[in-house]
Each structure stands twice: as structure tokens, then as C-alpha cells.
Amino acid sequence: NKETRKFRIGFSQCGDADDWRKSMLGEMKRELAFYPEMELLYKQADDNSEKQVQQVRALLKEKINLLIISPNEAQPLTPVVEEAFNSGIPVIVVDRKIASSLYSNYIGADNYQLGKMAGDYVASLLQGKGNIIEVTGLPASSPAIDRDHGFRDALNTFKQIHLIAKVPGDWIKPKAEKEISSLKQMLPSANLIFAHNDVMARGTYEACKTNGANNIKIIGVDALPGMGMELVSNKILTASMLYPTGGAEAIRNAVKILNGQSLGKETLLQTLVVDSSNVHLMKLQSDKMLSQQRDIEKQQDMLAEQKRIYNNQRALLYVLTCS
Ligand code: FRU
């Protein structure tokens, strides 16, 4: 019940159509179960920056004590986040960045390093020689910009590697599929396609198949259990760069900030290459983690039930002793 809640956390998510965002919210909810004094107000903006600005304003009107935001695009969301921060509300930025340093804490992997890691991996896979196509995320979102920079910086040192095309996939499958199909003429000369996430890598795979380009290696990003990890294990993708969602960390950091603990400006999450050499191990680990999470959820449900019974009995006892 609302009376016992001490803090309201507003969470503005850019969209929630894909599994990666669903997994972020799932992580947050699991973590929140440990902090009954925290209430989460959640809004998602269907990948629309204007809608997200409105939703942040609505959250601020609801008197949130802290804002968590994963901004759709950096520039359009910057003013409203600055406004929130300047009015004294701590702000945690997750995954995508804003174009300002007026926030309390950023949580995410280093997307420049991730792009560089992908580039180094690709160069060694192709033994320093070949033609590459890049499918980027939404051009004005910070991970798309940073992954692209890192990737190109890594490839620049290899004179016989050529980036023959770069197309925007906007983080979504149908767009990536359409863009790759439009490069039909070029596909026979391509050796590898790097897509900025696994959803677009999947679209890329389907477009290649439709167009008879069956020898192109495809690399993605995210390596979500049951999703990208599965695509690597089925050899649909050659590799995927692990990109953690930061959901649990967002809640943990929010609790720390609300309890007056100080935090560094950045909470850096780790990333690594998932390919045929380690995907089996990664899957075992993530299966184990998922089963532990299910156990925790079961225990939390049982605890809630015990609490309900206890409260009922206490109420009954009160009635009995007063009568
Ligand atoms: C999910 C997603 C991920 C990607 C991240 C970048 O919406 O597209 O696949 O890694 O956002 O912000």
C-alpha cells in the first residue's frame, strides 16, 4: 500500500518492443522486490523522442524522487533531463546517453570499446582482408554513434579491409532487412556484415538468405540468453558482443543515491565476444542464473504469502482481543 512507500522512482524507457528492453525491466522488477520501500513508475515511449519528453514531464509531475532514463535519442532528451537534474532530482542514465553531463550516474558498457572489440574480432576473423558492410542503430542514439566510431577505428589499421557500405537499421529488424536487401548488387562481394544489435543481425541474415548471399559472416551485439546467444549457438551469427542491460544495477544505484550514498559518475558494465568458442559455457551460465532467478522469485512469492497470512492473523487477533 502506498502509505508505507518512501520513495518513487520514475523510469522512462525509450521503447519496449524488443527482448533486450523487456529483459532490462524484468531485472529491475526482480531487484525492486528486495526494496519494498521503493515504488516504480514506468513509462515507455515506443521509440519516439517527443513522446519520451512528454512522459518525463508527466513523471516529474507525479513527484518522483529519482529518474532513471534510457533516452531514445541524445539531443532531443537532453533539455528535459537537465531540467529534472537542475530541480534537484537525481538522474540515472542507462544504456543510451544524453548530450550533457547534468546527470548523477551513467550505467552501461563502453560502446566505443564494444565497437572496437567487434572491429578487432572481425579483422582477425578475416585475417586482415575483406569487404564489410555495417548496419548501424538509430543514427542519433549514442550507442550507434559510439559503436560505429570504435568499429571504424579498429578497421582503419587494416589496409586490405574495406567498409563498402554503411546503412541505418534504426535498431529494428524490418529496417535492417530492407536496407540489406537494397544492397542486393553488392552482397556477392561482401565477406562480413556487422549489425549494431542481434535483432538487426537476424534481419540481415534473412535478407541475405532471400537474396541468395549464403556465405556472408554476420556479427551482432547483445548476446541475450535465448536470443543472440541462441543465434550464435545455431551458427546463424558468427559472433555477438555481449551487452548487459544494466537493469539490476539501475535499481541498486537508485537505492544508494536515495539513501544518501555517494556514487561515481559512471558504472561501467563488462562486455565480451560470444562466439563458437565460448557460447556453450555462456549458455550454461545463463541457464543457471535464470533458474536461480526463478527460485528467488518463488521465494519472494512465498514470503509475500506468509506476510499476507501473518497480517490476516494479526487482524483477527486484534478483533478477538478487543471484543
Ligand atoms: C534495444 C537495443 C539493443 C541495443 C541497445 C542500444 O532496444 O536496440 O539491442 O544494444 O538498444 O541502445
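Values in this text are rule-based calculations from the coordinates and carry no lab data. This is a predicted model, so every value here is computed, not measured. FYI the Cβ positions are ideal-geometry reconstructions off the backbone, even for glycines, and counts take in every protein chain you see.
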**Prompt:** Short version: ³J(HN,Hα) in whole Hz for each residue of the stretch 207-216, in order, from phi by Karplus 6.51 cos²θ - 1.76 cosθ + 1.60 (θ = phi - 60°), x for Gly and Pro, what are they?
**Reply:** 5, 5, 5, 4, 9, x, 9, 9, 10, 8
**Rounded if a/c under 1.5, otherwise prolate or oblate - the stretch 225-323, Cα gyration tensor axes** = oblate
**Request:** Using a 10 Å cut-off on Cβ atoms, rank the peptides 76-83, 180-187, 214-221 from the highest mean neighbour count down.
**Result:** 214-221, 76-83, 180-187
**Message:** Let me make sure I get this right: for the stretch 106-239, a, b and c are the square roots of the gyration tensor eigenvalues over alpha carbons, sorted descending. Under 1.5 in a/c it's rounded, otherwise prolate if a/b > b/c, else oblate. Which is it?
**Reply:** rounded
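Using per-residue counts of other Cβ atoms within 10 Å, averaged over each peptide, order 11-19, 258-266, 159-167 from highest down. All intermediate terms of the calculation are to be shown ahead of the outcome.
Details: 11-19: 20.9, 258-266: 10.7, 159-167: 15.4.
Ranking the peptides 11-19, 258-266, 159-167 by packing returns 11-19, 159-167, 258-266.
Quickly estimate the mean residue ellipticity at 222 nm for the chain, helices only: each DSSP H run with n ≥ 4 gives -39500 (n - 2.57), and the total goes over all residues, rounded to 500.
Details: 10 runs with 153 residues, N = 323.
Calculated at 222 nm, the ellipticity per residue is -15500 deg cm²/dmol.
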**Prompt:** Tell me, what ³J(HN,Hα) does each residue in the stretch 248-265 have, in order and in whole Hz, if you take phi through Karplus 6.51 cos²θ - 1.76 cosθ + 1.60 with θ = phi - 60° and put x for Gly and Pro?
**Reply:** 5, 4, 4, 5, 4, 5, 4, 4, 4, 4, 5, 8, x, 7, 8, 10, x, 5
**Request:** Name the long-range amide H neighbours of Leu66: under 5 Å, sequence gap of 5 or more, or other chain; modelled H, no Pro or chain starts.
**Result:** Arg8, Gly10
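Stretch Gln160-Ser277 to full length: gain in nm at 0.36 nm per residue minus the Cα-Cα span? Mind dumping the intermediate values first?
Details: separation 117, 0.36 × 117 = 42.12 nm, distance 2.61 nm.
Gain on extension, Gln160 to Ser277, equals 39.5 nm.
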**Request:** Count charges around Pro79 for me, please; just the other residues with Cβ under 13 Å from its Cβ, Lys/Arg as +1, Asp/Glu as -1.
**Result:** -3
**GNM top mover of Phe194, Phe85, Phe151 - the chain, alpha-carbon springs below 10 Å** = Phe85
**Request:** Find which of Ala45, Leu25, Pro90 sits farthest along the positive direction of the dipole of the stretch 1-97, computed with +1 on the beta-carbon of Lys and Arg, -1 on that of Asp and Glu, about the Cα centre.
**Result:** Pro90
**the chain, relative contact order in percent, only Cα pairs under 8 angstrom and at least six apart counted** = 15
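To the nearest 0.05, what FRET efficiency results for Arg152 and Ser87 with a Förster distance of 30 Å applied to their C-beta separation?
On the way: r = 39 Å, r/R0 = 1.30.
After rounding to 0.05, the efficiency reads 0.15.
Return the FRET efficiency for the residue pair Glu37, Arg57: r is the Cβ-Cβ distance, R0 is 25 Å, and the value is rounded to the nearest 0.05. Can you show the working numbers first?
On the way: r = 26 Å, r/R0 = 1.02.
That gives a FRET efficiency of 0.45.
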**Fill in**
About its Cα centre, the stretch 197-264 carries a charge dipole, from +1 on Lys and Arg Cβ atoms and -1 on Asp and Glu Cβ atoms, whose size in debye to the nearest 20 is 60
**Message:** Only sites in a loop by DSSP and with at most 10 other Cβ atoms within 10 Å count here; which trypsin sites (Lys or Arg not before Pro) in the stretch 31-138 make the cut?
**Reply:** Lys63
**Amide N of the stretch 18-39 lying under 13 Å from the label point, which is placed 7 angstrom from the Cα of Leu303 along Cα→Cβ** = 30-38
**Fill in**
Of all DSSP beta bridges having both residues in the chain, the percent classed as antiparallel (nearest 5) is 5
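Under 13 Å from the Cβ of Ala239, count the other residues' Cβ atoms, weight Lys and Arg +1, Asp and Glu -1, and hand me the total. Write down the numbers at each step before the final one.
Numbers: positive: Lys217, Lys235; negative: Asp120, Asp198, Asp222, Asp275.
Residues near Ala239 contribute -2 overall.
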**Computed magnitude of the charge dipole of the chain (debye, nearest 20; Cβ of K, R +1, Cβ of D, E -1)** = 280
**Request:** Work out how much length Asp46 to Ser323 would gain on full extension: take 0.36 nm times their residue separation and subtract the Cα-Cα distance, in nm to one decimal.
**Result:** 94.1 nm
**Item:** Calculated from backbone phi, Karplus (6.51, -1.76, 1.60) coupling profile of the stretch 281-291 in Hz, x at Gly/Pro
**Value:** 4, 4, 5, 4, 5, 6, 4, 5, 4, 4, 6
**Prompt:** Check Ala109: other-chain or 5+ apart residues with amide H under 5 Å from its amide H, H built from backbone geometry?
**Reply:** Leu269
**Neighbour net charge for Tyr106 - beta-carbon separation under 15 angstrom, K R +1, D E -1** = -1
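If you place +1 on the Cβ of every Lys and Arg and -1 on the Cβ of every Asp and Glu, how big does the dipole about the Cα centre of the stretch 34-169 come out, in debye to the nearest 20?
Values: 13 positive and 16 negative charges, 73 e Å.
Dipole magnitude for the stretch 34-169 comes out near 360 debye.
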**Item:** Proximal lysines relative to Lys184, as straight alpha-carbon distance under 21 Å, when same-chain residues fewer than 8 apart are discounted
**Value:** Lys166, Lys173, Lys175, Lys209, Lys217
